[in-house]
Amino acid sequence: DSETSFAPALVNRIDRNTCGIIIGAKNAEALRILNEKLKNRELHKLYLCVVIGKVKKDSGIIEGYLQKNEKQNRVYVSDKSGDNTKHISTKYKVLGYKDGLSLVEVELLTGRTHQIRVHFDYIGHPLVGDELYDSPETEFLNHAALHCRQITITHPITLEEMTFVAPLPEDMKKELEKSGFSVDKQ
């Protein structure tokens, strides 16, 4: 029986140096439903990140076309569609700016490999601590300042909207407070 032999499986992934919420399924039916919701963009994810510099607009949507380079384990963004590119769209809102850093809330409108990391690098604001995408050295964190903070989903049976929130990890919270950002609401 496939249900009794099912091993719990991950529905979504986050980059190795990203912290926050991941979703797992305990049975095959839940995995099927959650994978379908993920595919249909019915999982709404919010991230918090810290980027280098002052983002010019307080909010907006960054658009582009992403192309993977498997050998380098990197992706690249351009403003033109091409062979083997996928459209990406990232909504953001700047929550604060201090000492050359911007605290940003991000909503993925599409979900692609390294999307947040590469999109902010593309507009000239790499994530703090992101060695892969051109972040300059800082003393802020020893990993990318990217946190999958919240996931909202509609329960497939009860139709109740469910929101799950992951608190900031202590190292990121301490660095934000030390830099003068208000983390009470984050």
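Structure above, values below:
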{"item": "Carbon and sulfur %, accessible surface of the range 1-89 computed with the full protein complex present, 1.4 Å", "result": "49"}
{"item": "Charge dipole magnitude, Cβ of K and R +1, D and E -1 - the chain, Cα centre, debye nearest 20", "result": "360"}
{"item": "Amide H contacts of LEU95 (H built 1.01 Å from N, under 5 Å, at least 5 apart or other chain)", "result": "LEU103, VAL104, GLU105"}
{"item": "The range 82-186 - convex hull of alpha carbons, volume per residue in Å³", "result": "133"}
{"item": "For the range 110-123, Karplus couplings with θ = phi - 60° (6.51, -1.76, 1.60), whole Hz, Gly/Pro x", "result": "10, x, 10, 3, 6, 3, 5, 4, 6, 5, 6, 4, 4, 8"}
{"item": "The chain, accessible area per residue, ligands and nucleic acids excluded (1.4 Å, Å²)", "result": "58"}
{"item": "Overall dimensions of the chain as given by Cα atoms, namely Rg and Dmax in Å", "result": "17.4, 58"}
{"item": "Percent of C-alpha pairs per 10 Å bin, the range 25-64, short to long", "result": "21, 33, 22, 19, 5"}
{"item": "Listed peptides 56-65, 119-128, 168-177 by packing density, highest first (mean Cβ within 10 Å)", "result": "119-128, 168-177, 56-65"}
{"item": "Integer Hz, Karplus 6.51/-1.76/1.60 couplings in order for the range 38-44, x for Gly and Pro", "result": "5, 4, 8, 6, 9, 9, 9"}
{"item": "For VAL11, distant residues with modelled amide H under 5 Å away", "result": "ILE23, GLY24, ALA25"}
{"item": "Positive dipole terminus of the range 78-185, leading residue within ALA166, LEU176, LEU132 (C-beta point charges)", "result": "ALA166"}
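The values are calculated or read from the model by the stated rules, or taken from the named source; none is laboratory data. This is a predicted model, so every value here is computed, not measured. So basically every Cβ, Gly included, is an ideal-geometry build from the backbone, and we count neighbours across all protein chains shown. The accessibility values were calculated without ligands, DNA or RNA, using every heavy atom of the protein model including side chains. Shrake-Rupley method; radii C 1.70, N 1.55, O 1.52, S 1.80 Å.
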